[in-house]
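A.B. asks: The structure's right below; bear with me while I get my questions together.
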């Protein structure tokens, strides 16, 4: 998978990238790269913020960061979301992502 195709923006306090979410799946997992976005399948249903919270918890655990460092910047009600990770470099993110793909 071409993790180098991901569009990742470095910010003063971390990174921002896009995620394509597929809710209500059989399990929560990284499905790969979708264009320039990370594709994540969630077992949580998209109701009352459950899928958003499941996504943030999953990403925090996968990347080895505290949950409070992972936030949805935009796309709260969309399947395409911008995610911010504090205290992480672009290279660190790519290395951790390659380990799970």
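A.B. asks: Collect the residues in the stretch 64-101 that are touching a helix residue (DSSP H, G or I) at 6+ places or on another chain (Cβ under 8 Å), part of a helix (DSSP H, G or I) and in contact (Cβ under 8 Å) with a residue 60 or more places away in the chain, keeping them in residue-number order.
C.D. replies: 93, 94, 97, 98, 100
A.B. asks: Please specify each residue of the stretch 56-101 satisfying the condition of being within 13 Å of the chain's Cα centre (by Cα) and at positive phi.
C.D. replies: Answer for the stretch 56-101, where residues must be within 13 Å of the chain's Cα centre (by Cα) and at positive phi: 64, 75.
A.B. asks: Identify all residues within the stretch 1-16 that are under 19 Å from residue 60 (Cα atoms) and not in a loop (DSSP other than H, G, I, E, B); write none if there are none.
C.D. replies: 3, 8, 9, 10, 11, 14, 15, 16
A.B. asks: Residues in the stretch 17-63 that are farther than 26 Å from residue 89 by Cβ, in contact with a strand residue (DSSP E or B) (Cβ under 9 Å, 6 or more places away or on another chain) and part of a helix (DSSP H, G or I): how many?
C.D. replies: Total meeting the criteria: 1.
A short reminder: the numbers here are calculations on the coordinates, not readings from a lab. Just so it is clear, the structure is predicted and the values come from calculations on it, not from any experiment. We place every Cβ from the backbone using ideal geometry, glycine too, and count neighbours over all the protein chains shown.
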